[in-house]
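Q: Dropping the structure in here first, questions after.
Readers should treat all values here as calculations from the given coordinates under stated rules, not as data from a laboratory. Only a predicted model underlies this, so the values are computations on that prediction, with no experimental measurement involved. Neighbour counts run over all protein chains shown; Cβ positions are idealised from the backbone, glycine included.
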Ligand SMILES: Nc1ncnc2c1ncn2[C@@H]1O[C@H](COP(=O)(O)OP(=O)(O)O)[C@@H](O)[C@H]1O
Ligand SMILES: [Mg+2]
């Protein structure tokens, strides 16, 4: 069934809890190489939890528990001997609210590479320019690289966060409602950017916005109350949703 | 500020062309203002009275500072104009009022060294402790520790002084094998211990108020907890930690009782940490009671207080400038 592609991520029977409350119920799905998968669903249904399971950011919550497997290129990332830092170097993340560090623009980008032992300044400069260009921010900030990142506008900050995530060149990019806190123009820019990036990255995009999901994604997942209701090619779901709950969400009757 | 003053002057000179109308005008003005207030809505009235109420404390604190300065200056003035005194007293190391020698350099050096020593011990330790509390400690442990820390901040300084006299000073004598443990080191250490709780508590608050998303962004890039704590969280908490440092600087310079009891109160400039010394607050406390014997003696003590105040302001201003720069370069607020 899956032999045509090199699947980057496979999730098998994933269940998660915060304390006694079960959030995700038996999720099984896969994410293809060089494609955008949109995860849709009403707020509170567990989209962020699913995303944060993939880079193990949920581990920060004391009450978090999980069963099942998440396989990244054939290895279970929750195996007892799995290296969580190595995992996070391969899985970049962009958050709902732009969260650049309170440092200069340049330092935001070089933070990751320096962390992982790169100190050659020419190479760091190259990464700064390269990632800022990829994030379509270079022209706006190239003369102000030493200015504090927090002085940028919200949309620019979010693109900086994308550049920061790209700085350690992860093959996978998780994006948790990356435009929901932005104005429509900035949002459109970032959508374009996602289309650009999908050639080279496996992108998992959580979104609350059905139209956006349909515009940018190749596959889509519909999550409802912690259940994976539907998961297929976006085109198919957009044209003919199988489950009545998916249809209700797409047409705006729930959510 | 100068602009508004200029305007005021201009308005005054404009008015003075016609003194009669001006006098009449001001009466009319007052009437009009009163009428305006009467006509105002309730919420506006509350707003105005609130502003006045909030303005009063500001005016009061400014006038208190001005009054203190004036009072110190008036009291200290005689020593600065006397032939035995002059501005040279701050570089003169000999203090002997019976001999007409009023050099206060010893006290300046003593206070300066004790403060610097205390700060350079208390800040790294306290901030380190705060990082541990905020970033590593489970909440169940953090709460009781915070409670103890806050209690430590409330212990009267005389108690710290007694403890230092009985425990710290003999310990210094044994560890470093010196004859006299009453020293700059003892003063700096006890000050550091006294400052520690404040530094820990204020820094911990600052670290706790750093948004969680900064930590998440750093961890998501593959950083360890420690890398995140030091490179991101600590850096983002600089303004709050700066506040802790300013608070402790002020307290360190002005602390009296504990230092008085352990620095040995010896009139000599300390060249090593183990030398005894005499700090500014101690000389004032010890000698004010009989300084009336010579008027200049008394005046010199007030000069010490004036220098103390200036030193405290200088320390805090330098700290504030550094912090402002830190905030600005990070784009925080
Ligand atoms: N750290 C947490 N601790 C406890 N419960 C949480 C935590 N994070 C999320 N939840 C709960 O998990 C559920 C799903 O949240 P989330 O995954 O953020 O939803 P979504 O992103 O789809 O809006 C919500 O009911 C939320 O209250
Ligand atoms: Mg969410």
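Q: Answer rounded, prolate or oblate for region B:95-330, using the Cα gyration tensor with square roots of eigenvalues a ≥ b ≥ c: rounded when a/c is under 1.5, else prolate when a/b is larger than b/c, else oblate.
A: prolate
Q: Classify region B:231-333 as rounded, prolate or oblate, taking a ≥ b ≥ c as the square roots of the eigenvalues of its Cα gyration tensor: rounded when a/c is under 1.5, otherwise prolate if a/b is larger than b/c and oblate if not.
A: prolate
Q: Then there's this: Using only Cα atoms, tell me the angle between helix A:154-166 and the longest principal axis of chain A; keep it within 0 to 90° and round to the nearest 10.
A: The two axes meet at around 90 degrees.
Q: Hey, what angle do you get for helix A:105-115 against the long axis of chain A, alpha-carbon based, 0 to 90 degrees rounded to 10?
A: So the inclination is approximately 70 degrees.
Q: Oh, and also: Using DSSP, restrict attention to beta bridges with both residues in the protein assembly as shown and report what percent are antiparallel, rounded to the nearest 5.
A: Looking only at bridges with both residues in the protein assembly as shown, the antiparallel portion is about 60 percent.
Q: I want to make sure I understand the PRE zone here: with the label point 7 angstrom from the Cα of residue B:267 toward its beta carbon, which residues in region B:86-107 have backbone N atoms less than 16 Å away?
A: The answer is B:89-107.
Q: For helix A:184-197, report the angle its Cα long axis makes with the longest principal axis of the Cα atoms of chain A; keep it between 0 and 90° and round to the nearest 10°.
A: The angle comes out near 90 degrees.
Q: Please work out the FRET efficiency for the pair residue B:67 and residue B:90, using the Cβ-Cβ distance as r and a Förster radius of 30 Å; give the result to the nearest 0.05.
A: It comes out at approximately 0.80.
Q: Let me ask something else. Under the definition of Cα pairs under 8 Å and six or more residues apart, what whole-number percent is the relative contact order of region B:95-330?
A: RCO, region B:95-330: 29 percent.
Q: Then there is this: For chain A, what does the equivalent ellipsoid look like in terms of its semi-axes, each the square root of 5 times an eigenvalue of the Cα gyration tensor, given largest first in whole Å?
A: Working from the Cα gyration tensor, I get semi-axes of 30, 22, 17 Å.
Q: Suppose the chain between residue B:176 and residue B:145 were pulled fully straight at 0.36 nm per residue; how much longer would it get relative to their current alpha carbon spacing?
A: 8.0 nm
Q: I would also like to ask the following. Between region B:206-282 and region A:94-111, how far is it from one alpha carbon centroid to the other, in angstrom?
A: So the separation of the two Cα centres works out to 27 Å.
Q: While we're looking at this one, here's another question. So if I take the centroid of the Cα atoms in region A:125-144 and the same for region A:219-243, what is the distance between those two points in Å?
A: Here the answer is 36 Å between Cα centres.
Q: Shape call for region B:17-125 from the C-alpha gyration tensor, a ≥ b ≥ c root eigenvalues: rounded (a/c under 1.5), prolate (a/b greater than b/c) or oblate?
A: Verdict is oblate for region B:17-125.
Q: Counting only other chains, and only Cβ atoms inside 10 Å, what mean value do you get across the residues of B:210-218?
A: 5
Q: Bin all alpha-carbon pair distances of the protein assembly as shown at 10 Å intervals from 0 and give each bin's fraction as a whole percent.
A: Bin by bin from 0 Å, the calculated values are 3, 13, 17, 16, 14, 14, 12, 7, 3, 1, 0.
Q: How much of the DSSP bridge set in region A:7-250 is antiparallel, in percent, rounded to the nearest 5?
A: Close to 55 percent.
Q: Given the C-alpha centroids of region B:303-333 and region B:88-134, what is the distance between them in whole angstrom?
A: The distance from the Cα centre of region B:303-333 to that of region B:88-134 comes to 16 Å.
Q: I've got another one for you. Per DSSP H run of at least 4 residues, take -39500 (n - 2.57); add these up for the protein assembly as shown, divide by its residues and hand me the 222 nm value, nearest 500 deg cm²/dmol.
A: My calculation for the protein assembly as shown gives -18000 deg cm²/dmol from helical runs alone.
Q: If I model a spin label as a point 7 Å beyond the Cα along the Cα-Cβ vector, how far apart are those points for residue A:180 and residue A:243 in nm?
A: If labels sit at residue A:180 and residue A:243, their model points lie 1.8 nm apart.
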